[in-house]
Amino acid sequence: DNALEFADNAKATFGTGADMTIKHDGSNSEIINTTGSLLIDGQNTLTLRSAGNIVGQVNDSETAFQGIANGAVELYYDNSKKFETTSTGATLTGALTATGAIFTSGVTFTGSSYNTNWVSSANTMRFYDNAKAGFGNSDDLKIYHDGSNSYIDEGSGTGALIFKSNIFSF
């Protein structure tokens, strides 16, 4: 059949110092590269296929990414999961820095008890009942609604609460 065939547990070795090997043990297949980078050039498209998960590792033990069969795609930093897709969207662990971000739909900020939401269709930052907008380094001024009443709370803030207008002042 013009095929080069190796039995289970046999390996093909490349490089003077056995720098790269390809092997199959009957259950799993491995490409092992011990020198430099392993470059795979797909020209137009590179497709990785596996009957199970696809895991990218560096330094023989640090997971960089995983593609889980019928499930999530996960990205890691220094072997610590930072991002994963879910059936309803994605989960980010840690801080997110976005440069030039444009949100074309709503974004929800989930608090420990109360949420806020950017409602793009209404051009409104919505603070749900009991969620507070805080101003000052120690939240010296808070604005919120508790479901029954609305508050401008200067509480333990420093200085006076001053309203300014070009028409009137308090």
Any idea which of (1) open to solvent by 70 Å² or more (accessible area, probe 1.4 Å); (2) in contact with a strand residue (DSSP E or B) (Cβ under 8 Å, 6 or more places away or on another chain); (3) in a loop (DSSP other than H, G, I, E, B); (4) polar (S, T, N, Q) is the one residue 130 doesn't satisfy?
(1)
Of all residues in segment 50-68 being open to solvent by less than 60 Å² (accessible area, probe 1.4 Å) and assigned to a loop (DSSP other than H, G, I, E, B), which is farthest from residue 31 (Cα to Cα)?
68
Which residues, counting only those in segment 101-126, are of a type outside the set (A, V, I, L, M, F, W, C) and in a strand (DSSP E or B)?
108, 110, 115, 116, 117, 124, 126
For segment 133-146, does any single residue satisfy the condition of being open to solvent by 80 Å² or more (accessible area, probe 1.4 Å) and in contact with a strand residue (DSSP E or B) (Cβ under 9 Å, 6 or more places away or on another chain)?
yes
Would you point out which residue out of 111, 26 is within 30 Å of residue 129 (Cβ to Cβ) and of a type outside the set (S, T, N, Q)?
111
Give me the pairs: first residue in segment 23-49 and surrounded by 10 or more Cβ atoms within 10 Å (Cβ to Cβ), second residue modelled with pLDDT of 85 or more and β-branched (Val, Ile, Thr), beta-carbon distance under 6 Å, and six or more apart or on different chains, which are they?
31/22; 32/21
Selected residue (criterion: least open to solvent (accessible area, probe 1.4 Å)) from residues of segment 147-160 that are at negative phi and modelled with pLDDT of 90 or more:
153
With over 16 Å from the mean Cα position of the chain (by Cα), at pLDDT 85 or above and either of a type in the set (Ser, Thr, Tyr) or farther than 30 Å from residue 150 by Cα (or both) as the only criterion, which of 45, 85, 116, 91 stands out?
116
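The values are calculated or read from the model by the stated rules, or taken from the named source; none is laboratory data. Source: prediction; values computed, not measured. Reconstructed Cβ throughout: ideal geometry from the backbone, glycine too, with neighbour counts over all protein chains shown. With ligands, DNA and RNA removed, areas are computed over all heavy atoms of the protein, side chains included. Shrake-Rupley method; radii C 1.70, N 1.55, O 1.52, S 1.80 Å.
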